[in-house]
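K.L.:
Take a look at the following structure, please.
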Amino acid sequence: MAVSATTAGTGATRKTNHDRMPMIVASLLVGVPLLLFIVYPLAFILGRSFSTPEGFGFDNYLSMLTTSRFQGILYNSFEVTLVSTAFAVIMAYAFAYAVQRTLMPGKNVLRIVALIPLFAPSLVQAQGLVLLFGRNGLINRTFGTDIDIYGYWGIVISMVLYVFPYAFLILSTALAVTDSRLYESAKMLGAGPWRTFRTVTLPSTKYGLAASVFVCFTLVITDFGNPMVIGANYNVLATEVYNQVIGQANFERGTVIGMVLLVPAAVAAILEKYISRRQYSLVSDQSRPLVIVPDRVRDLAFAGISAFIALMILSIVAVVIFASFVHLWPYNMTMSLRHYAFDVQNGIEPLWNSIYISLMAAGLGVVVVTASAYVIEKFKSPVTRPLYFLSILPAAVPGMVLGLGYILAFNNPSNPVYLIYGTLIIIAIANVYYYHAQGFLIASTSMKQISGTFDEASATLGGTRVQTLRKVTLPLIAPTLIGVAVFFFMRSMVTLSAVIFLITPQTQVAAVSVLLLEDRGATNQAAAFSVCIMATVVGFLLLVRLLLRLAGIKNVSLIR
Amino acid sequence: MSSHRRGGLFRSLIAGTAIAAVAGIAAAQADSITVYTSYEEDELAAFLERMEEDLPDLEVNVLRLSTGDLHARILAEAGNPQHDVIWGWAVTSMVDPRIQDMLEPYEPANIDRVPERFRDPDGRWFAVTGYMGAFCVNNMVLEDKGLPMPSSWEDLLDPVYEGEIVMPNPASSGTGYLQIASLLQMKGEEEGWEFLRALDKNMAQYIKSGSRPCNVASQGEYAIGASYALRAIKNINEGYPITMVIPSEGAGNELEAHGLMASSDNKDAAKRFLDWTLSDAAVDEYYNWKEIVTVSGGSIPQNFLDAGLPEDIGSVMYDMDFAWSAENRDRILEQWQSEFESE
């Protein structure tokens, strides 16, 4: 096959003594914080799951896992998760392909739309779905239909919309870089578009696909917000964790399910070896970037698909924005600004806290996940596989469980981390590690496409690893890294489930203000506050873009 | 370009550290206490405003979380509690032995104002406010579908309501639990479970939140949402076309209690605050915001009466046995889940 010419011996293993020292140092730099901020808190959770009135034992597991009710919930979880994942990944692949491999019009706008679910507070999606598709929703009232969104399909639809941007970010990275020689060879050998897609495009994005399936799967199976709002009586593992931990203050049973949810991460870590074994590095010293030739039919077809997906995402947000400006949806539709008079604790001050936290998380997140991806991709050592497992493990941990773990682990004056306990910094750190897997998979998808021949070439020319990293690897993945920073920023602005255990009276965040308003019944004010958060994020992105322009840095897309 | 980005990171880190440091210093000031509460945010703001007039030198830092979130948080922080006072928190959660063990008995000034049955016999907590179950019934939906206005739990068994009723899931919501606990207590267990089975036939959803059933009924998603009275009153004030119905059998209810943390290192200030919670000013504010106040003093605000709350609350409240509710919680929820949640 033509591609085998560029298959790189990933890792370019040259195990000399000269190489061992940086490997050990780098692995420690990446591994120790992962152990501290992921494994250490989880160890407390694990401990709780074995704690019984009679001491250490398996009673919690036996009494939970053997009931037919639990097995039913387990089945429900897998059913809804597999279906949602399949839809989300296929849609995201088409969307990412449209953005990276076609010349469809309106790409820049469509990219931002694809990411809206990342910076829309969870209330927006839940409320939008009900306003649109509820029994008394816009669709039913307009068309006289009798759609009932609540239940299985409601969960699937809300989950697909929720995880779509995560899959898009990874697949967009996977499809961004390629070697045009592959496509030229395919054409010369007489392959049609479908065959080229199957034999060139699809295999070259295999790792990205696997990563996005893993991310979607774990996000769906650990999310309790969507099933709570729209799932009616359809119970899943994540809502059962909520029932146990929040509803009944039963940590022992809640943590048992938390441990069960870690299984997919373990499975993924094992499978990764087989999937990435045959991942081709796409950018080698001889590769040439793909020049996309115009193709009217293809471009229009993909524009149609993308516009449809964008419309689905937009309509949900738009209806919430609209509802926030009417007097009382759906009973008094006159326009009004009354929901924007925020009479909530501390006013908009929490929005500033959120911005500080998000900036810290963006900066810290980029450094942390890039380091993880670099060490795992470039140094093959006995700790590579454990490090990989630790890097993707957080995806399988429900935020609520991680938040509990942080309290149990760090709310202890004899722990050095206690110095930052109760500050904005610990919230930023929690966000970085809570979203570590997603950020890491975006970065490593990008890094996998850079051939090891660069390292060899650089070494041949007398360059050190650090020089190669600085002069070759980083510039090549820089666009992805900006995307990673934007990702951490967006999520940190709205995430709630782990944060709720770490906020103090002094460190209130914007997402909590939304929750406070919602809890006291001011749903429309909560929606208005959510609109302000979304506007802040968009405004912030525009500002950064402007600053980059002014600094003379052009051609940098903040959203990949 | 990469150095440009790195500069931004460091700046933001430094900025964040500075802010955090300032926050930390503020928290360490002498006469300041930390209070955990589940009072809703608007009630809380009014209470605090009044408190600042009376105790201007006391800095009260308040964290507001829902009853369940707070329960999990307090238990998780048990090794090193971060708060001095629990204020306005469900008695059913307060009597959790793991929580009661963290409290220090304290009898605030004016404790005699609180009837004895609303106080812990050992003096660890006292309940001053509370909330009670009520239905939110959407007038427009009733009209559209030609349904009668219900007035009791018994009415909800009428097959005309099939698929039009929602109530909170008792396994995830305290409001849901107080509703089924009140039914089991007033009807006796055997008849109570029979009733819940009959009710289940009409139930569209067991929603995993106590306020959402009222909110979805307010938006016209369902005709009837079993929730609590204050949520109904607030939604009526917001303008939604709903009627608050207090079930004629008697409304299940929950009390909200205050207590002093034994771990507090600023007990004098904490005690001053707890004393204030029984002052005339505080009781006045409770009456402005809460449907149940256990201390006599103020009067029920007009908008509560307009929304349909009777002047004599005692006449519609079911006399709950909170100790029974707490002791039997696990068993009841287990049976409830196995009967009504089996997928």
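The values are calculated or read from the model by the stated rules, or taken from the named source; none is laboratory data. Small disclaimer: the values here were computed from a predicted structure and weren't measured. As a convention, Cβ positions derive from the backbone with ideal geometry for all residues, glycine included, and neighbour counts pool all protein chains shown. Surface areas here come from the heavy atoms of the whole protein model, side chains and all, with no ligands, DNA or RNA. Shrake-Rupley method; radii C 1.70, N 1.55, O 1.52, S 1.80 Å.
K.L.:
With a 10 Å radius around each residue's Cβ, average the other Cβ atoms per peptide and rank A:256-265, A:37-46, highest first.
P.N.:
So the order, starting with the most tightly packed, is A:256-265, A:37-46.
K.L.:
For peptide B:75-81, what's the mean number of Cβ atoms from other chains within 10 Å of each residue's Cβ?
P.N.:
Taking all residues of B:75-81 together, the mean is 6.
K.L.:
Show me you know the interface measure: the accessible area buried between B and A, both chains summed, probe 1.4 Å, in Å² to the nearest 100.
P.N.:
Interface between B and A: roughly 6100 Å².
K.L.:
Which of the three applies to the range B:197-259, rounded, prolate or oblate, going by the alpha-carbon gyration tensor with a ≥ b ≥ c and a/c under 1.5 meaning rounded?
P.N.:
Oblate, because a/c is 1.5 or more while a/b does not exceed b/c.
K.L.:
Another question, then. In sequence order, what are the phi-derived ³J(HN,Hα) couplings for the range A:323-339 according to the Karplus relation 6.51 cos²θ - 1.76 cosθ + 1.60 with θ = phi - 60°, rounded to whole Hz, with x for glycine and proline?
P.N.:
4, 6, 9, 9, 4, 7, 4, x, 9, 9, 8, 6, 6, 7, 9, 5, 6
K.L.:
Based on Cα coordinates alone, diagonalise the gyration tensor for the range A:322-401, multiply each eigenvalue by 5, take square roots, and list the semi-axes in whole Å, largest first.
P.N.:
Semi-axes, largest first: 46, 16, 11 Å.
K.L.:
Grab the DSSP H runs of the protein assembly as shown that are 4 residues or longer, score each as -39,500 (n - 2.57), total them, divide by all residues and round the 222 nm result to the nearest 500 deg cm²/dmol.
P.N.:
The helix contribution divided over the protein assembly as shown gives -18000 deg cm²/dmol.
K.L.:
Right, something else. Roughly how many nanometres apart are two label points built 7 Å out from the Cα toward the Cβ at A:Arg545 and A:Ala86?
P.N.:
3.7
K.L.:
Counting only heavy atoms of the protein chains, get the accessible area per residue of the protein assembly as shown (1.4 Å probe) and round it to a whole Å² value.
P.N.:
38
K.L.:
Report, by chain and number, residues whose modeled amide H sits under 5 Å from the one on B:Glu40, excluding near sequence neighbours (fewer than 5 apart, same chain).
P.N.:
none
K.L.:
Rounded to whole Hz and in sequence order, give me ³J(HN,Hα) for the range A:208-216 from the Karplus expression 6.51 cos²θ - 1.76 cosθ + 1.60, θ = phi - 60°, writing x for Gly and Pro.
P.N.:
Once θ is set to phi - 60°, the couplings for the range A:208-216 become x, 4, 4, 5, 6, 4, 4, 4, 5 Hz.
K.L.:
Is the range B:42-134 best put as rounded, prolate or oblate by its Cα gyration tensor, with a ≥ b ≥ c the root eigenvalues, rounded for a/c under 1.5, and otherwise prolate when a/b is larger than b/c, oblate when not?
P.N.:
Since a/c stays below 1.5, the shape of the range B:42-134 is classed as rounded.
K.L.:
A further question on this structure: Could you calculate the FRET efficiency of A:Leu271 with B:Arg117 from 1/(1 + (r/R0)^6), where r is the beta carbon distance between them and R0 is 60 Å, rounded to 0.05?
P.N.:
0.50
K.L.:
In vacuo Debye scattering of the protein assembly as shown, one point per C-alpha: log10 I(q)/I(0) at q = 0.07 Å⁻¹?
P.N.:
-0.58
K.L.:
Show the residues, 5+ positions off or on another chain, whose built amide H is closer than 5 Å to the amide H of B:Lys208.
P.N.:
B:Asn169
K.L.:
So if we plug the beta-carbon distance of B:Glu52 and A:Tyr418 into 1/(1 + (r/R0)^6) with R0 = 35 Å, what FRET efficiency do we get, rounded to 0.05?
P.N.:
About 0.70, to the nearest 0.05.
K.L.:
Tell me, what ³J(HN,Hα) does each residue in the range A:165-179 have, in order and in whole Hz, if you take phi through Karplus 6.51 cos²θ - 1.76 cosθ + 1.60 with θ = phi - 60° and put x for Gly and Pro?
P.N.:
Values per residue, Gly and Pro as x: x, 4, 5, 4, 4, 5, 5, 5, 4, 5, 8, 5, 10, 7, 10 Hz.
K.L.:
Under 18 Å from the Cα of A:Lys187, which lysines turn up, not counting those fewer than eight places away in the same chain?
P.N.:
Those lysines meeting the cut-off do not exist here.
K.L.:
What are the semi-axes of the equivalent ellipsoid of chain B, taken as the square roots of 5 times the eigenvalues of the Cα gyration tensor, listed largest first and rounded to whole Å?
P.N.:
37, 26, 21
K.L.:
For A:Val263 and B:Arg197, what is the calculated FRET efficiency with R₀ set at 22 Å and r taken between the beta-carbons, to the nearest 0.05?
P.N.:
That pair, A:Val263 with B:Arg197, gives E of 0.05.
K.L.:
Note the angle between two axes, namely the Cα long axis of helix B:174-187 and the longest principal axis of the Cα atoms of chain B, as a number of degrees from 0 to 90, rounded to the nearest 10.
P.N.:
With both axes taken from Cα atoms, the answer is about 40 degrees.
K.L.:
Shielding of B:159-172 by partners, i.e. mean partner chain Cβ atoms within 10 Å per residue?
P.N.:
Mean inter-chain Cβ contacts per residue within 10 Å come to 2.
K.L.:
Tell me the net charge near B:Glu238. Cut-off is 12 Å between Cβ atoms, B:Glu238 excluded, with +1 for each Lys or Arg and -1 for each Asp or Glu.
P.N.:
Net local charge, B:Glu238 excluded: +3.
K.L.:
Quick check: the angle from helix B:2-27's long axis to the longest principal axis of chain B, C-alpha only, nearest 10 degrees?
P.N.:
90
K.L.:
Other chains near A:116-123: what is the mean number of their Cβ atoms within 10 Å of each residue's Cβ?
P.N.:
Partner Cβ neighbours, averaged per residue: 0.
K.L.:
Once you sort the root eigenvalues of the Cα gyration tensor of the range B:199-343 as a ≥ b ≥ c, which label holds: rounded (a/c under 1.5), prolate (a/b larger than b/c) or oblate (the other case)?
P.N.:
Taking the square roots of the gyration eigenvalues as a ≥ b ≥ c, the range B:199-343 is oblate.
K.L.:
Straight distance only, please: which lysines reach the Cα of B:Lys290 with their own Cα at less than 22 Å, same-chain residues fewer than 8 apart left out?
P.N.:
Those lysines meeting the cut-off are B:Lys234.
K.L.:
Suppose each label sits 7 Å from its Cα in the direction of the beta carbon; what would the A:Leu103-B:Glu107 distance come out to in nanometres?
P.N.:
8.8
K.L.:
Using a 1.4 Å probe on the protein chains only, how many percent of the accessible area of the range A:20-550 belongs to carbon and sulfur?
P.N.:
For the range A:20-550, the apolar C and S fraction of the accessible surface comes to 70 percent.
K.L.:
Using only alpha carbons, build the gyration tensor for the range A:20-550 and give me the equivalent ellipsoid semi-axes, biggest first, whole Å.
P.N.:
Over the Cα atoms of the range A:20-550, the semi-axes work out to 36, 31, 24 Å.
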